[in-house]
1. Can you pull out every residue in region 59-81 that is of a type in the set (Gly, Ala, Ser) and farther than 17 Å from PRO36 by Cα?
2. Just to be sure I understand, how many residues within region 52-81 are assigned to a loop (DSSP other than H, G, I, E, B) and of a type in the set (A, V, I, L, M, F, W, C)?
3. Based on this model, can you work out whether LEU64 counts as touching an Asp or Glu at 6+ places or on another chain (Cβ under 6 Å) and either surrounded by 13 or more Cβ atoms within 10 Å (Cβ to Cβ) or touching a residue at least 40 places away in the same chain (Cβ under 8 Å) (or both)?
4. Could you list, in sequence order, the residues of region 1-32 that are part of a loop (DSSP other than H, G, I, E, B) and either more than 10 Å from the ligand (Cβ to nearest atom) or surrounded by 13 or more Cβ atoms within 10 Å (Cβ to Cβ) (or both)?
5. Checking LYS45 against (1) surrounded by fewer than 17 Cβ atoms within 10 Å (Cβ to Cβ); (2) in contact with a helix residue (DSSP H, G or I) (Cβ under 7 Å, 6 or more places away or on another chain); (3) within 24 Å of GLY106 (Cα to Cα), only one condition comes out false. Which one?
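Values in this text are rule-based calculations from the coordinates and carry no lab data. Not measured: the values here are computed from a predicted model. Methodologically, a virtual Cβ is constructed for each residue, glycine included, from the backbone with ideal geometry; neighbour enumeration extends over all protein chains shown.
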Amino acid sequence: MEKTIFQKICDKDIPADIVYEDDQVLAFHDANPQAPTHVLMIPRKAISRVNDAQDEDKLLLGHLLLKAAEVARDLGLGENGFRLVINNGQDGGESVPHLHCHILGGRPLQWPPG
Ligand code: 5GP
């Protein structure tokens, strides 16, 4: 199967502005930011979307969420707050089929989303 753009970033086939990485996850700035801070946190494991995650992925998903909050704090979003978003499937607005958590902050965000 052909690698997704995020798998290519993971494998360092293409560049990205990486802000955090460990043996399980990688975080990098979004190429088309929707807020002053917009970072994507992805698992190295090629899980297409949260709806395809399995029971065996629960530790990985917990790690991803905790690291997303840590990265948000490291980027200075801890005090004013931030939003974590996971788009799933067509109606969810997913455009890259490799699970990713958006970390958005640096301005007040509206609710509900469009
Ligand atoms: P989705 O719509 O699937 O939830 O989010 C995909 C995100 O990936 C979008 O916000 C888009 O701007 C970002 N994106 C797509 N291609 C690239 C890329 O090659 N590099 C980076 N850094 N971000 C990308």
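1. Across region 59-81, the qualifying residue is only GLY62.
2. Residues in region 52-81 being assigned to a loop (DSSP other than H, G, I, E, B) and of a type in the set (A, V, I, L, M, F, W, C): 3 in total.
3. When the stated conditions are applied, LEU64 does not pass them.
4. Across region 1-32, the qualifying residues are MET1, GLU2, LYS3, THR4, ASP11, LYS12, ASP13, ALA16, ASP22, ASP23, GLN24, ASP30.
5. Tallying (1) surrounded by fewer than 17 Cβ atoms within 10 Å (Cβ to Cβ); (2) in contact with a helix residue (DSSP H, G or I) (Cβ under 7 Å, 6 or more places away or on another chain); (3) within 24 Å of GLY106 (Cα to Cα), LYS45 fails exactly one: (3).
Per-residue answers, yes or no, for (1) within 19 Å of ALA46 (Cβ to Cβ); (2) touching a Gly at 6+ places or on another chain (Cβ under 7 Å); (3) within 13 Å of the ligand (Cβ to nearest atom):
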{"residue": "LEU61", "(1), (2), (3)": "yes, no, no"}
{"residue": "LEU64", "(1), (2), (3)": "yes, no, no"}
{"residue": "VAL71", "(1), (2), (3)": "no, no, no"}
{"residue": "LEU75", "(1), (2), (3)": "no, no, no"}
{"residue": "GLY89", "(1), (2), (3)": "yes, no, yes"}
{"residue": "CYS101", "(1), (2), (3)": "yes, no, yes"}
{"residue": "GLY106", "(1), (2), (3)": "no, no, no"}
